[in-house]
Each structure stands twice: as structure tokens, then as C-alpha cells.
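S.K.: My questions all concern the structure below.
None of the figures in this text is laboratory data; all of them are computed from the coordinates on show. As the structure is a prediction and not an experimental result, all values here were calculated from the model. Using ideal geometry, Cβ is built from the backbone for each residue, glycine included, and neighbour counts are taken over all protein chains shown.
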Amino acid sequence: MSVVVVGAGLAGLTAATDLAARGVEVTVVEARERVGGRVHGVEAAPGSWIDAGAAYLGERHTALTALMAQVGLRTTPTAMTGDSRFALGDDGDGRTRPGRFPPLSAVALGELFDALDELTRAVRADAPWLSADAVRLDATTADEWAREHLRHPDARLFFPLFLGEMMAADPRDVSVLHMGFYLRSGGGVRYLNAFAGGAQEDRVAGGAHRLCELLAGRLGDRVRLGEPVRAVHQDDEGVTVTTTAGSLRARAVVVAVPPSLADAVDHHPALPVPRSGGRTAPGCAVKVHLVYPSPAWRERGLSGWSVNARGPLLSTVDDSPPDGAIGVLTGFVTGRQAHDFARLSPGEQRARAFEQAVRLFPGLPEPTGFHVTDWVNEDYSRGCYAALFGPGDWTRLGPHLVTPHGRVHWAGTETSTEFFGLMEGAIRSGHRVAAEVITTYDRRDEHV
Amino acid sequence: MNVDAISDIFRRVLENDDVRADSDFFVMGGDSLLATRVLSAVARSWGVELDFDDFMTAPTPDALAKKIASTA
């Protein structure tokens, strides 16, 4: 049996690995000149790699840890010591505080987390469109929800920062149903938010991209780079996948790309239901890395963690290698700020990021390196962390998320109701689709 | 009498029924995010807005009840 996998991100590579292990003749076609998709590494200094895309994992991410063990990768703890910096006032000046708790009214934050907890419990994780109140929750945006549920000014101030960090979303872009689903799918507000004991407990040692490279290495010349897929045409006997370099013939196809990219392919027969809706938006994340000779903030008792209301870096985290040979400060530009920042010239991006970093961490020298990864405008990702489902999307698209379209089967983190939007979701979708393909066509082979 | 009501808040937020009057919230698995939910419940029930540092110095139902009484 032959299968073509479209997309060499974690989902596609996992599916291809499982299929190859079962003796399937598999070919992976990837548009970019690299594997990994939204998992991507940047070399900050010779031999020192940092995650420009997906980065974190926690102990509940069992499929990811199992896959890492298979290829011999280890984790690095994200544990941070030292005080945090918070610039949440209008003046933009930072305040230093122990721990990660922002200097806002605890009662206000409690109001926010109570409301989110209540919402999260009201959403069915396995099928959000079947939640008791799905139609109403899918009709409003998270922004409208916040105006209705949050009374305290500090709660309203913190909510967009929180949502930006949790799901790279502007509250106007996502439905309440999607917000509740995303939080539930990831293990709840508390698990998703936490470093220690949560979804940001560890990073992949050497960079998450190593996982994709090692999986691709094992697949060898079954992975073809630089071949964007233009068309997927089905007939009675099989499927023809047309790329910019030619065409491939297979028994079945696994499409493991984000929803709006899956829609951009010419499907024949046409898709009965699109993969994305009119309100589906790209995840709004730009990741910025400032590289220094050393993590100098540590000498001042600071952890490198900061939360900032004005941006462009809405939060920063110390991503220096474990040996501290260089200092790496990672800045997250999310939500509305991501679009604004992406429009600036490289020089302006640099100036704004440098200026903010030195205001947060006084005494920092000029960075020796500067990297901007703009996921919003990446042609072959269209957003990061994941597609943002807007009002109406879940109730319309949800029931068809994993339903095969003839010989076309779907994977990608957006098809996983478990850990949606995370590396873990991508890997689980890859295992699921491989099993689905094998079950479907093995059975047919027996009877044909 | 606040002690019982506060213990109930702890139980709900921690999702743990084994809370006693002298149980330390943070030893029982509480963290700063969950602490805010205790403080919002306290504000709703007794109209007292405590901050995070208040809770850090009074992390048991017993101590928190005294803190509320002295603040109200």
C-alpha cells in the first residue's frame, strides 16, 4: 500500500513514521526547504539552538515524551530562579517582584480565573460542538465574554495578556467556545499556565526541531522538501497528488497541514465542508530572540521573566542554554501586537525590542544577535501556535474535523481534541491518522 | 464560623476534600493562580479584598479567618 503525507511537521512525520513501521510505502511532501513546520530552531551561537516555534512540554504530554525517548532526546527544565519584572502601568516602567505573580489585584485575577474555570468545565473536550450551551458560546467572541464577565479593571487589563500567552489570540478573534475548548483540551487553565508542574515544565534539549530532524532522518529519502502541493485528485482506484515538481500516485493521502492551507489545495472531488471557516484566524505570534554575551539579568537577581502591558514584547523568558555560555532572552509578541509588530521594518523591530529589553533589565549591553520569527505571515504555517476558531467555526466545522474525505485523511494539531494547538496534539493526531489509514485500507485489501 | 466556610472554599478550589482548619493551602497543592480564586471567593463572601501577600502569611483556613476578621 502507498500513502502520501502532505506536510512534514510533527503530525505528518509521526504519521509517516507509524505507517513506514507497518510496511506502508510512504512519501512525505513538504513545501518548505526544511522539516518541522511550526517547530523550528534558530542557531543563536555556534552549536546553541533556540526554539523559534513550539518549545514547551509537561509530563501530561505523554505522546511527545514517548516519541522523544524513541529517538534518544532528553528534556531541559525551564526552572527559573530570581525575581520577575512587571510593566503593567501606563508609564511602562517595570516593577520587580518575587515569583511570577503580577502586581495586580489578586481578587480581580481570581474573578478572571473563576470565570475561565467555569467556562472550561462547561465545554466538552472531546466534541466542543456538543457542549450543552455550544450554540450560544460559539456565537460570541472572547472579547464580548470579557466585557460581560469581568468587572474589575485589573481583570480586564490582564485578560488579553493572558489569552495572548495561552493561545496567541486577540480576544476579538476567538469564539468563547474555542477559548473554553482550548483551555480544557490543554488540561485546564492552571496546567496550561504553569511552568513547574504544568505545560511549560521542560524544553527539548538541543531544541524541539531536533525531534523533527531525527524523525525525518529515519524516513530518509521518503521525505521530499521544497514541493508545495497544488492538487489532490481522487478517482476510483486511488489519489493523484500534484506538487510543483510533479505528481505522485497513492492509495490514500494524509493531509497534515493547518486548516487554511488544507483549503488552499485544489481538491477533486471538492471538499463537502471546508477545513476553515470565514472567521478562522491565524494564531498571532511573533517570537523574538535577543542574544547576549551572558544572561546578565541573573547577576541582578532577575529571572528574565517579565509581563508587559504595552509591548511589543508582552512577556519575556530566559531561554539561555543550561551552561549559561550565552544569554538568550525570548520575547513573545502575541495577539493584536503581533500584527502591529510584523508590519514594522526590521530596523524598527530591532530598536523597539532593544529599547524595551533594557528598560526591563537595566544594564543590559547591546545584543550580539537578534532573531525575529514572524509566524503570522509564514506562507506555509499561516499563524502559530494554531488556527484560531472564530464565532461559528466550531459548530460548523467541528463535526467534520477528522472525517475522511474519501481517500483523504486529516492530521495536524488542529484535528486533535486532546492538547489542541500543542506539539502533543500534533503527535497524537499523527498516531490517530496512521491507525485510521491502516485499518481502513488493510480491511479493503482483505476483501478485494 | 468563617473557618468552616473558608475550608469549603479551599476544598472547592483545590478539588480536595481533606482540608482541615490548619491545612496549609500551598502544602495541599495550591499555587498563586488558585490562591487568587480563594481571594475572590473571600471578597464575594465577606467583602474583604485581601492581596496575595496577605494570603501568603495566612495560608490556613484558621489563619485566614483571623485575617478577615481583623481586616473587616
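S.K.: Of B:Ile9, A:Ile50, how do they rank once you tally other Cβ atoms within 10 Å and put the fewest first?
M.R.: B:Ile9, A:Ile50
S.K.: Please report, in cubic angstrom per residue, the volume enclosed by the convex hull of the alpha-carbon atoms of the range A:165-213.
M.R.: 102 Å³
S.K.: Using a 10 Å cut-off on Cβ to Cβ distances, tally the other chain neighbours for every residue of A:112-118 and report the average as a whole number.
M.R.: The mean count of partner-chain Cβ atoms within 10 Å per residue comes to 3.
S.K.: Once the Cα gyration tensor of chain B is diagonalised, what are the square roots of 5 times its eigenvalues, in whole Å and ordered largest first, as equivalent ellipsoid semi-axes?
M.R.: The three semi-axes for chain B are 16, 13, 11 Å.
S.K.: Run the numbers on chain A and let me know its relative contact order in percent, using alpha-carbon pairs under 8 Å that are six or more apart.
M.R.: 25 percent
S.K.: So what does log10 I(q)/I(0) come out to for the range A:33-96 at q = 0.19 Å⁻¹, using the Debye formula with one equal point on every Cα and no solvent?
M.R.: Values returned for q = 0.19 Å⁻¹ are -0.96.
S.K.: For the range A:290-335, divide the Cα radius of gyration by the Kirkwood radius and give the resulting Rg/Rh value with two decimals.
M.R.: Radius of gyration relative to Kirkwood radius: 1.00.
S.K.: Sticking with this one: Label B:Asp4 and A:Glu43 with points 7 Å out from Cα along Cα→Cβ: what is the distance between them in nm?
M.R.: In this crude label model, B:Asp4 to A:Glu43 measures out at 6.9 nm.
S.K.: Let me check I have the definition right: for the range A:85-183, take the eigenvalues of the Cα gyration tensor, multiply each by 5, take square roots. What are those semi-axes in whole Å, largest first?
M.R.: In descending order the semi-axes read 28, 13, 12 Å.
S.K.: State, in angstrom, two size descriptors of the range A:234-318 derived from its alpha carbons: Rg to one decimal place and Dmax to the nearest whole number.
M.R.: 22.7, 68
S.K.: Any number yet on Rg/Rh for the range A:281-389, C-alpha, Kirkwood?
M.R.: Rounded to two decimals, Rg/Rh equals 0.98.
S.K.: Over its Cα atoms, what ratio of radius of gyration to 2.2 N^0.38 Å does the protein assembly as shown give?
M.R.: Normalised Rg, Cα atoms only: 1.01.
S.K.: Mind jotting down the three principal axis lengths of the range A:158-242 based on Cα atoms? Whole angstrom, largest first.
M.R.: If we take the Cα atoms of the range A:158-242, the spans are 52, 34, 21 Å.
S.K.: I've got another one for you. Take the Cα of A:Leu344, step 7 Å along the line toward its Cβ, and report every residue of the range A:279-302 whose backbone nitrogen sits under 17 Å from that point.
M.R.: In the range A:279-302, the label zone of A:Leu344 (backbone N under 17 Å from the point 7 Å along Cα→Cβ) covers A:285-291.
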